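Q: Here you go, one structure.
The values are calculated or read from the model by the stated rules, or taken from the named source; none is laboratory data. This one's a predicted model, so the numbers in the text were calculated from it and none came from an experiment. Neighbour counts are summed over all protein chains in view; Cβ atoms, including those assigned to glycine, are modelled from backbone coordinates with ideal geometry.
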Amino acid sequence: MNKINSIHSLEQLQSKLEHYCAYQERCHQEVIQKLKILGASATEIDKVVVHLLENNFLNEERFACLFTISKFHQKKWGKIRIKTELKARNISEYLIAKSLKEITDIDYTNTFEELSQKIWDTIIEKNDLKKRKKFCDTLLRKGWESHCVYDKVIELEKTN
């Protein structure tokens, strides 16, 4: 990460980070990283983060919930991948658990069924073992539970 050489006043940093947070939900880690890139001191980082929290530009609960819902609906990630990605952003276990409750069991099951069928149908492989491996690898990489993936591959092999 290259630091920008220009020195910013506290007000300039606050303004820049307000825009940064208003454009897209951010977690504390992303905001702190951005401030470090801008060359802010530890004291300035603390003051800007407090300002953003007080003015509701920064809210980790809101971030975790939106991240969870968007990754589930847009990228079709399973709960394991979502949890891993949130942990990597230093989100608390409590907020991770709370955000995962935003996904209903019915939505989760329906999404898994649709996604697994789509993946199975798009894998063009004559060797059954290779097809099974590609199918399982894809779903496991997306963070779906292994027991669901392995049960589904057995079910799909029987129907096809």
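Q: Can you name the residue in the stretch 66-112 that is over 16 Å from L139 (Cβ atoms) and among the small types (G, A, S) and is also surrounded by the most Cβ atoms within 10 Å (Cβ to Cβ) among such residues?
A: Selected residue: S99.
Q: Of the residues T111, T84, T138, which is within 21 Å of the chain's Cα centre (by Cα), over 30 Å from E61 (Cβ atoms) and in a helix (DSSP H, G or I)?
A: One residue alone meets the criteria, T138.
Q: Tally up the residues in the stretch 35-49 that are closer than 16 Å to N59 by Cα and not aliphatic (A, V, I, L, M), please.
A: Here the count works out to 2.
Q: Give the residues of the stretch 123-160 that are at pLDDT below 95 and among the polar types (S, T, N, Q), sorted by residue number.
A: Scanning the stretch 123-160 gives N127, T159, N160.
Q: Separate question: Mind listing just one residue for me: the one in the stretch 27-51 that is part of a loop (DSSP other than H, G, I, E, B) and modelled with pLDDT under 95 and, of those, surrounded by the most Cβ atoms within 10 Å (Cβ to Cβ)?
A: This residue is A40.
Okay, residues lined up against (1) of a type in the set (D, E); (2) under 30 Å from R26 (Cβ atoms):
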residue: F63; (1), (2): no, yes
residue: L66; (1), (2): no, yes
residue: I82; (1), (2): no, yes
residue: I106; (1), (2): no, no
residue: T109; (1), (2): no, no
residue: N127; (1), (2): no, no
residue: V149; (1), (2): no, no
residue: E157; (1), (2): yes, no
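Q: Could you list, in sequence order, all residues of the stretch 115-135 that are touching a residue at least 12 places away in the same chain (Cβ under 8 Å), assigned to a helix (DSSP H, G or I) and of a type outside the set (F, W, Y)?
A: L115, S116, Q117, I119, D128, R132 - these are the residues of the stretch 115-135 that are touching a residue at least 12 places away in the same chain (Cβ under 8 Å), assigned to a helix (DSSP H, G or I) and of a type outside the set (F, W, Y).
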